[in-house]
Amino acid sequence: MDFIIGATLKAVKHLYNTDLFAGDINLQETRKEFEGQVTIVTFPFTKFSKKSPEQTGNEIGAYLQNELKEVAGFNVIKGFLNISLSDDYWLKELYIEILPDDFAVFKPSGKKVMVEYSSPNTNKPLHLGHVRNNLLGFSVAQILSAAGYDVVKTNLVNDRGIHICKSMLAWQRFGNGETPETSGLKGDHLVGKYYVLFDREYKVQIEALKASGQTEDEAKKNAPLIREAQEMLQKWEAGDEEVKSLWKTMNSWVYAGFAETYKKLGVSFDKFYYESNTYILGKDIIEEGLQKGVFFRKADNSVWIDLTADGLDEKLVLRSDGTSVYMTQDLGTAQLKYNDFHMDKSIYVVGNEQDYHFKVLFLILQKLGKTWAKGLYHLSYGMVDLPSGKMKSREGTVVDADDLMDEMDKTAKKQTDEAGKVEGFGEEEKQHLYHIIGMGALKYFLLKVDPKKRLLFDPNESVDFQGHTGPFIQYTHARIRSVLSRVDGLDSNKATEYNQLAPEERDLIVSLTQFPEIIKVAAEGYSPAVVANYVYELAKIYNKFYHEKSILQAEDEAAKQFRLQLSAAAGKVINKAMALLGIEVPERM
């Protein structure tokens, strides 16, 4: 709409002898209840027009209609000048901008962005919170890539520490040599089983010690199991071969399980980092900070940073015995990632319970003079809740990702069969459709909400073919493919003979033209919700067009070919928008 802005600047100069900048023009999409497609807010102009907002709007509207062939008419509602652009303008947009293959394809920006997401622990399976994390991270990476950025997708795996030793010790004690092959369990579920078992046995020991007269804190410290787990961690850090061998074996089971889950979720990574390789990083940075006076050492030899002047508090960065804390490790890992990729932006996709941690991390790096620290961003997201009783978790505490995806496939099968969407399908085709509908429902429901908001996920509601859901959009795409499959080909020459748009056709073209800007806005805000809500509105507009205007039985061949072209354009944009959310769309349903 730059041409509208330019002409408005000229109108203001001509009518009121006032020079404005492009940023002074407030352009909006016209509200649905009013005629027009573009609205100029005229309230700010009254200070130099010395006239009412309505009179100012009418004068500018008349100027624009006289000067621009694209302006077919206008109306003024209070301080809002609503402009109707000509059918010729929208038809050119369709043929010159939307239909070509390079529509919504951005040139490379020359900027590199890292998106770090997933970050699982190797002592348990991925759960519902991880699902939101993975889908959010992957979608943000897709959107940034579409917007022209060079994107690196990374996963920092928490593969060491006391929690890993708990699973290892429980397996040694109670496992009887059980493996994924002998148990029939996915490796991550098997290891998670022993983590839960450790916790159960640990609690039994705590209660026994309390019964013998120890306080709860004493009992927690003195329980034999936790002492053995701590001893195992010390052996691991000392490089004990037997402990390291068991650690490698059990982690390999978990990685195989994670790989299955990631594949079913449809997410991927370019680079894996492992805490077992990075936990000792950061000590050099602590030394650097001490020399620069950024950190200070206390009497017990521990190292701290004082952030009270920044509205935070004092933060420990190295223990008195010289061992790392999480902050030490994260400082070192941030430097390592930058050394590896020299990215302009680094996005950490982590739940909002870590908001304070990342404020501190980024601030410390800035105080250390790391110029790249200004490009660090914490994409904070809220928790996901389920309606009580909807699903039971295997561990009894959280819903794991595999159970959730299996449940989604079953829900999709039930609702798809009931809606009669699989008539004439072979068994393999049915199973594929159930899965992409189930995953489309899950992904769309989690991504349509602003990342920062906590959300309630209802599996049944998410698979509603008539609601604000992924399956509704998937069905719209299948509807478009069905229409296009019933013709031998498209005749673009014949389509161009159609030159008088119905409101439903114009609305659809207007919506399609917005797609590049939607990608840009979503990329700037790291928000898949922008794309998700756009593609839902687009699907609604297409369905209204489909029901109001006959396509295959159109009034003449020109109208038929035009509507087929318009359908093809809508299908292309829906497909691409859903791919940015990591959602597959079916060819038929």
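The values are calculated or read from the model by the stated rules, or taken from the named source; none is laboratory data. Owing to the predicted nature of the structure, the values given are computational and were not obtained by experimental measurement. Cβ: placed from backbone, ideal geometry, glycine included. Neighbour counts: every protein chain shown.
When G23, G79 are checked against the criterion of being at pLDDT below 95 and in contact with a helix residue (DSSP H, G or I) (Cβ under 6 Å, 6 or more places away or on another chain), a single residue qualifies: G79. Residues that are within 39 Å of the chain's Cα centre (by Cα) and basic (K, R) occur in region 176-196; there is at least one. When every residue of region 289-296 is checked against the conditions, at least one turns out to be part of a helix (DSSP H, G or I) and in contact with a Leu (Cβ under 6 Å, 6 or more places away or on another chain). For the condition part of a helix (DSSP H, G or I), modelled with pLDDT under 95 and within 29 Å of the chain's Cα centre (by Cα), M408 qualifies. When I286 is tested against (1) touching a strand residue (DSSP E or B) at 6+ places or on another chain (Cβ under 6 Å); (2) outside any helix (DSSP H, G or I), exactly one condition is not met: (2). Within region 240-283, being of a type in the set (D, E, K, R), in a helix (DSSP H, G or I) and without any contact (Cβ under 8 Å) to a residue 12 or more places away in the chain holds for E241, E242, K244, K248, K263. Hey, S550 hits all of (1) under 15 Å from Y498 (Cβ atoms); (2) in a helix (DSSP H, G or I) but one; which does it fall short on? Here S550 clears every test but (2).
Taking the stated definitions as given, is A559 part of a helix (DSSP H, G or I), closer than 15 Å to Y498 by Cα and among the hydrophobic types (A, V, I, L, M, F, W, C)? Yes, satisfied. Suppose we filter K315, K264, K283 for residues that are out of contact with any Pro (no Cβ under 8 Å at 6 or more places or on another chain), surrounded by 13 or more Cβ atoms within 10 Å (Cβ to Cβ), within 20 Å of R160 (Cβ to Cβ) and among the basic types (K, R); which single one remains? After applying the criteria, what remains is K283. With respect to the conditions (1) among the hydrophobic types (A, V, I, L, M, F, W, C); (2) surrounded by fewer than 19 Cβ atoms within 10 Å (Cβ to Cβ); (3) touching a strand residue (DSSP E or B) at 6+ places or on another chain (Cβ under 9 Å), L331 lacks only one, and its number is (2). Take the conditions of a type in the set (F, W, Y), more than 30 Å from G375 (Cβ to Cβ) and crowded, with 21+ Cβ neighbours inside 10 Å and apply them to Y194. Does it pass? When the stated conditions are applied, Y194 passes them. Among the residues of region 498-511, is there at least one that is touching a helix residue (DSSP H, G or I) at 6+ places or on another chain (Cβ under 7 Å), surrounded by fewer than 18 Cβ atoms within 10 Å (Cβ to Cβ), not in a helix (DSSP H, G or I) and not aromatic (F, W, Y)? Looking through region 498-511, at least one residue is touching a helix residue (DSSP H, G or I) at 6+ places or on another chain (Cβ under 7 Å), surrounded by fewer than 18 Cβ atoms within 10 Å (Cβ to Cβ), not in a helix (DSSP H, G or I) and not aromatic (F, W, Y).
Tally time: how many residues in region 512-536 are at positive phi and assigned to a helix (DSSP H, G or I)? Number of matching residues: 0. Where residues in region 421-450 are small (G, A, S) and over 15 Å from the mean Cα position of the chain (by Cα), which of them is modelled with the lowest pLDDT? Filtering region 421-450 for residues that are small (G, A, S) and over 15 Å from the mean Cα position of the chain (by Cα), the one modelled with the lowest pLDDT comes out as G424. Under the condition of being within 37 Å of the chain's Cα centre (by Cα) and either surrounded by 12 or more Cβ atoms within 10 Å (Cβ to Cβ) or on the phi > 0 side of the Ramachandran plot (or both), the residues counted in region 4-27 number 7. Out of all the residues in region 500-512, is one or more under 30 Å from Y381 (Cβ atoms) and among the hydroxyl-bearing types (S, T, Y)? Yes, region 500-512 has at least one match.
The residue that is surrounded by the most Cβ atoms within 10 Å (Cβ to Cβ), counting only those in region 144-157 that are in contact (Cβ under 8 Å) with a residue 60 or more places away in the chain and over 27 Å from Y255 (Cα atoms), is L144.
Quick check, is S527 among the small types (G, A, S), touching a residue at least 12 places away in the same chain (Cβ under 8 Å) and farther than 27 Å from V487 by Cβ? Against the criterion (among the small types (G, A, S), touching a residue at least 12 places away in the same chain (Cβ under 8 Å) and farther than 27 Å from V487 by Cβ), S527 qualifies. Taking the criterion of being farther than 21 Å from G161 by Cα, within 23 Å of the chain's Cα centre (by Cα) and outside any helix (DSSP H, G or I), the residues of region 343-372 that qualify are M343, D344, K345, S346, I347, Y348, V349. Note on region 418-457: residues that are assigned to a loop (DSSP other than H, G, I, E, B) and touching a Ser or Thr at 6+ places or on another chain (Cβ under 8 Å) amount to 4. Considering only residues that are in contact with a strand residue (DSSP E or B) (Cβ under 9 Å, 6 or more places away or on another chain) and within 30 Å of Y117 (Cα to Cα), which ones fall in region 472-522? Matches in region 472-522: Q514 only. Is it true that some residue in region 376-383 is in a loop (DSSP other than H, G, I, E, B) and of a type in the set (A, V, I, L, M)? Yes, region 376-383 has at least one match.
Out of curiosity, is R486 of a type in the set (K, R), in the same structural domain as L442 (by TED's automatic domain parsing) and surrounded by 19 or more Cβ atoms within 10 Å (Cβ to Cβ)? Answer is no for this residue.
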